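The values are calculated or read from the model by the stated rules, or taken from the named source; none is laboratory data. This one's a predicted model, so the numbers in the text were calculated from it and none came from an experiment. A quick note on method: Cβ atoms are made from the backbone with ideal geometry, for glycine too, and the neighbour counts reach across all protein chains shown. We work out accessible area using only protein heavy atoms, side chains counted, and drop any ligands, DNA or RNA first. Shrake-Rupley method; radii C 1.70, N 1.55, O 1.52, S 1.80 Å.
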Amino acid sequence: MVSHPGQVVSASGVQGGRWVSIWSLLALTIAAGVSVPLLAVLSSFLTPAGDVWRHLWQTQLLELILNTLGLLIGVGVGTVLVGTGLAWLVVYYRFPGQTLFEWGLILPLAIPAYVLGFVCLGLFDFTGPLQTLLRGLLGAHLRLPTLRSYWGVTLMMTLVFYPYVYLLARAAFLGQGATALETARSLGRTPLRAFLVVTLPMARPALVAGGALAMMEALADVGTVATFGYRTLTEAIYRVWYGMFDRPAATQLASGLLGFALLLLLVERLSRGRARYIETYRRGTGVTPTRLHGWRAGLATGACLAVLGPGFLVPVGQLGVWTWRTVQAGQLAPTFGTLLGNTVYLATLATAGTCLLALVMAYASRLSVSPSVRWASQCATMGYALPGSVVAVGVLLPLAWLDHTIVAWLAARLGQSGSLLFTGSAAGLLFAYLVRFLAVSLQTVDASLTRISPSLDDAARSLGAGTGRVLRRIHLPLLRSGVLTALILVFVEVMKEMPATLLLRPFGLNTLAIEVWQRTADAMWQEAAAPALAIVGAGILPVLLAVRLSVRR
Amino acid sequence: MTVSPGLLSLEASATLTSSSWEDGVDSVLSMQQIGKSFQPGVPVLRDIALHVQSGQTVCLLGPSGCGKTTLLRLIAGFEMPDQGEIYLIKRLVSRPGLVVPPEQRHVGMVFQDYALFPHMTVSQNIQFGLFRWPLAWRRTRLAEMLRLVDLEAMARRYPHELSGGQQQRVALARALAPAPQLLLLDEPFSNLDVHLRQQLRAEVQSILAQAGITTILVTHDQEEALSLADMLAVMDQGALVQYATPDEVVRRPCTRFVAQFIGLGHFLRGELHDTWIRTELGSIPYAPALVSPMPGPQVDVLIRPEHVQLCSDHCGTPVQVVHTAFRGSRKLYTLRLASGTTFCALFAAEVVLRTGEAVRVTWQPSDLVVFASADSCVPPAHDRCPRSSTGRAAL
């Protein structure tokens with residue numbers, strides 16, 4: 001007898017489908033929400049601003065574009081070289097200090113570029129300690145090449161942004177295990193060639209992702225280029241906004257900048273290709289590092305020190321000295337505790353939200369084969385490439401409209417007007433953080449999610465686990481280190497974030513970064529040191545946490 | 001001597017569809033007209049019908065890329081068929097547009113890479129599918145499973161602390177723990193070395209027998225399939241070409257593909273006469289009454305190495321020794337006829353023949369397998385007998 005259980009099947013069959021579509025729907029909603037500011041910026045193209053464009057073109061547009069391109073290329077090449085090189089040394093070799101450097105090399109991540117910038121300017125000033133010392137030794141006519149140049153800015157940014165590449169490259173090298181490398185060596189390649197033809201290409205997605213992150217940072221930076229007087233598109237937006245109070249023109253420039261961001265994203269996506277890099281869990285042996293001796297060991301240690309010194313040790317030392325002097329002189333602002341509290345509060349909220357959304361997005365694109373979800377997750381990562389100030393504008397325009405609509409509605413209904421719901425509170429600022437930093441967490445979470453073999457999903461499902469349970473029991477535990485990395489990256493990013501905070505903070509809510517900005521704008525290096533040191537210190541805490549967890553693993 | 005009933009029928013579907021659909025309703029698994037393609041116009045599976053009886057072990061056997069893993073994933077519910085229906089114990093679980101998700105099928109699966117959860121211990125892995133069971137039952141079942149696969153001492157270990165064979169047994173225990181209706185094994189032995197493979201094959205067989213579970217196993221290794229299967233499903237290019245017992249498949253292959261893929265088969269040219277077939281190795285009698293219409297006088301006759309004997313100078317046909325290889329306790333010789341046709345013969349190890357030596361052989365087939373001559377067909381690629389059918393990992 002053939003039974004007709006069609007009804008029974010359709011109920012459960014649809015349920016399976018519905019789950020997938022709920023995830024897809026969530027992903028699409030998040031992407032839509034995150035795209036609102038971008039659309040707001042793009043829509044500024046519709047507002048005629050011909051005069052501003054003509055003026056910009058006549059005066060500086062070409063120079064701005066070339067400067068920006070140059071900076072991106074310099075920082076991209078610099079961070080990938082430095083980050084990959086250091087990760088290679090630390091993973092494949094043993095040398096004095098290697099275990100310290102392995103986590104120590106992440107530390108520059110805690111230093112915002114603008115902090116390193118002002119510290120170095122202070123150090124290299126004509127009246128600064130270095131030049132004074134050198135003049136004393138070599139004579140009064142000595143002049144050092146100025147740091148306020150293309151090479152200076154590129155160097156500063158490379159020194160602080162290389163950990164993005166380093167972290168991802170190191171994880172990729174460790175994750176590969178030794179098998180691929182040993183296969184290549186058994187086929188007659190030298191260790192170096194094996195590294196170049198096997199390990200590096202296998203790690204390419206990680207390297208390109210890291211490099212893209214660093215370049216997006218460079219594109220978004222305002223503080224450093226402003227302090228160094230290097231004119232870029234982002235910096236011009238800032239000047240037009242504050243100097244000319246011409247918001248339409250600023251948003252025009254911002255939409256032009258979006259082109260650069262899209263280009264970076266395109267490069268990142270294309271280089272990944274259609275290949276799915278799946279790593280089954282390590283069954284073979286891990287990497288066995290080679291011990292270095294003699295001058296080679298010295299060279300390795302020296303290379304790590306040469307990056308970590310100017311990128312972390314020297315600036316932190318100098319900040320310490322300045323802060324000590326400030327405290328000694330009793331000049332520490334009484335509001336310091338409040339500033340610190342505000343900053344940590346905002347960062348915690350933004351980090352939790354961002355990582356939750358990233359998990360949902362990454363999971364949805366794993367579950368769903370539909371191109372719309374893929375597309376949505378790419379949309380959601382664009383905010384990061386935009387400067388904070390532009391995101392702020394994009395957030396401000398729709399939220400202000402929403403606020404005024406609500407107020408008008410309340411006034412009509414209740415006969416009294418309430419306060420501004422979004423623009424008057426930290427909600428707008430948090431939204432801007434989400435838009436801007438979703439990419440950081442999404443890329444990290446997505447990268448570690450693709451490393452989990454799909455047969456684990458299949459196995460769990462054949463054992464009766466639904467999608468939710470697969471996420472809870474299989475993916476989350478396996479993603480722990482990936483999610484943790486994402487949490488740390490976002491937390492530190494939010495603490496450093498300056499321009500969006502400056503624009504969107506509710507009245508009276510000051511953060512450490514704003515304090516630094518206001519002091520350095522007046523070239524008061526010493527007064528900026530205490531809040532800067534606090535940012536750096538808070539940034540180090542999550543880095544240490546990451547170290548502890550990665551050691552335990 | 002018997003003559004294959006499927007003789008000369010190059011299309012297997014006739015024999016397959018002869019089993020009525022009503023028979024299939026009592027099966028643990030039955031499917032009809034299953035078709036699947038991932039790219040339009042490139043079918044991976046074509047018109048598959050399969051009925052699996054309770055307690056049977058069925059091997060899906062075929063060369064790489066014949067669609068056997070896809071068929072397994074369709075049964076497990078990871079893929080949706082483009083056409084056809086799949087029933088699990090009378091319940092419709094798959095048809096175009098509707099798929100009961102894998103978590104609701106009660107089908108256990110062991111993956112090629114085992115897919116053990118690296119962050120869970122052996123116990124946690126095995127208990128993963130028992131989350132809806134009461135705690136006391138769960139404990140009992142875990143102990144039972146650990147005993148079944150003999151891993152009681154390893155319960156607290158993590159997968160990466162186990163050997164390949166142990167990992168496989170964990171995967172097996174994990175799949176069996178929720179007492180599935182059907183167990184699917186995807187190339188379960190392909191990650192293991194030959195010694196371990198043979199040992200584990202026996203172990204797995206006894207575990208499956210103890211569990212008394214209906215099993216479908218995918219493999220491209222015929223030796224594995226022949227030793228494990230109650231029923232063999234031979235697949236070629238997305239089609240199921242023969243579904244029968246191993247004995248039947250070896251003795252009465254229904255297509256040339258099956259004849260050559262299973263066992264070491266070679267073809268000899270033959271000429272059809274009234275009651276005999278004349279070949280280079282002498283004339284073979286046959287009963288034309290048992291055979292469906294013969295298309296022409298030219299036929300190909302299957303020759304198996306077991307059926308060739310050495311003989312003295314006065315009888316048989318002269319051949320030349322081309323190659324020798326040990327195969328277990330016997331020797332496999334590749335022999336060449338005067339016409340250049342090669343075939344294989346299995347002799348006792350005491351027989352010592354040098355390469356190039358001329359000997360005489362006779363041929364006594366136990367089952368006559370004859371196909372219409374395919375002049376256009378490319379002759380068998382190897383003119384040497386493979387040393388071992390499972391030589392892939394051994395070499």
Please name whichever of A:Phe491, A:Leu456, A:Val435 sits farthest to the positive end of the charge dipole of the stretch A:431-553, dipole taken about the Cα centre and charges placed at Cβ: Lys and Arg +1, Asp and Glu -1. A:Leu456
In debye, nearest 20, what is the charge dipole magnitude of the stretch B:67-142 about its Cα centre with +1 on Lys and Arg Cβ and -1 on Asp and Glu Cβ, if you could check? 400
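Is it possible to state the helix-based mean residue ellipticity at 222 nm for chain B, with each DSSP H run of 4+ residues giving -39500 (n - 2.57), the sum divided by total residues, to the nearest 500 deg cm²/dmol? What is it?
Theoretical 222 nm ellipticity from helices: -6500 deg cm²/dmol.
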Please give the length that would be gained between A:Phe336 and A:Val287 if that part of the chain were fully extended, namely 0.36 nm times their separation in residues minus their C-alpha to C-alpha distance (nm, one decimal). 13.0 nm
For the stretch A:451-456, Karplus couplings with θ = phi - 60° (6.51, -1.76, 1.60), whole Hz, Gly/Pro x: 7, 8, 4, x, 5, 5
B:Ser329 paired with A:Leu414, simple spin-label distance in nm, labels 7 Å along Cα-to-beta-carbon: 9.6
Shielding by partners - mean other protein chain Cβ count within 10 Å, residues of B:153-162: 1
So the B/A interface buries, both sides summed and with a 1.4 Å probe, an accessible area in Å² (nearest 100) of 3100
Could you work out the per residue convex hull volume over the alpha carbons of chain B, in cubic angstrom? 161
Label model pair A:Ser186, B:Arg336: point-to-point distance (7 angstrom along the Cα→beta-carbon line) in nm is 3.5
Ratio for the stretch A:436-499, C-alpha Rg to 2.2 N^0.38 Å, reads 1.36
Would you mind estimating how fast the stretch A:92-171 diffuses translationally, via Stokes-Einstein at 4 °C and 1.567 mPa s with the Kirkwood radius over Cα pairs, in µm²/s? 87
For A:472-481, mean number of other protein chain Cβ atoms within 10 Å: 2
Extension reserve of the A:Trp375-A:Gln328 stretch, reckoned as 0.36 nm per residue once the Cα distance is removed: 11.4 nm
Could you calculate the FRET efficiency of A:Leu174 with A:Ala523 from 1/(1 + (r/R0)^6), where r is the beta carbon distance between them and R0 is 30 Å, rounded to 0.05? 0.10
For the stretch A:389-509, size of Cβ-based charge dipole, Lys and Arg +1, Asp and Glu -1, in debye: 300
For the stretch B:86-156, compute the orientation-averaged projected area of the C-alpha convex hull (one quarter of its surface), in nm². 6.6
A:Leu69-A:Leu305 FRET efficiency (beta carbon distance; Förster radius 25 Å; 0.05 resolution): 0.20
Over chain B, what relative contact order in percent results from Cα pairs under 8 Å that are six or more residues apart? 18
When you count, for each residue, the other Cβ atoms within 10 Å and take the mean per peptide, how do B:306-314, A:396-404, A:497-505, A:528-536 rank with the highest first? A:528-536, A:497-505, A:396-404, B:306-314
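What is the extension gain from B:Asp367 to B:Glu271, computed as 0.36 nm multiplied by their sequence separation minus the C-alpha to C-alpha distance, in nm to one decimal?
Extra length available between B:Asp367 and B:Glu271 comes to 32.8 nm.
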Using the Cα gyration tensor of the stretch A:332-378, with a ≥ b ≥ c the square roots of its eigenvalues, what is the shape: rounded (a/c below 1.5), prolate (a/b larger than b/c) or oblate (neither)? prolate
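Give, rounded to the nearest 20 debye, the magnitude of the charge dipole that the stretch B:204-359 has about its Cα centre when Lys and Arg contribute +1 at Cβ and Asp and Glu contribute -1 at Cβ.
Here the stretch B:204-359 has a charge dipole of around 260 debye.
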Averaged across the residues of B:84-96, what count of C-beta atoms belonging to other chains lies within 10 Å of each residue's C-beta? 3
Cα lying deepest toward the dipole's positive end in the stretch B:96-185, options B:Ala177, B:Leu135, B:His119, charges on Cβ: B:Leu135
Among A:461-468, B:143-150, how do they line up from the highest to the lowest mean number of other beta-carbon atoms within 10 Å? A:461-468, B:143-150
Of all DSSP beta bridges with both partners in chain B, the antiparallel percent, nearest 5, is 75
Note, the stretch A:463-480: 3J(HN,Hα) by Karplus (6.51, -1.76, 1.60, θ = phi - 60°), whole Hz, Gly/Pro = x, goes 8, x, 8, x, 4, x, 5, 4, 4, 5, 8, 9, 6, 4, x, 6, 8, 3
With bins of 5 Å, the percent of all Cα-Cα pairs of the stretch B:156-266 per bin from 0 is 2, 10, 21, 20, 18, 14, 8, 4, 2, 1, 0
Please check: in the Gaussian network model of chain B (C-alpha springs, under 10 Å), which one of B:Ala358, B:Ala76, B:Ala345 has the largest mean-square fluctuation. B:Ala358
Where the stretch B:131-175 is the region considered: accessible area per residue in Å², 1.4 Å probe: 56
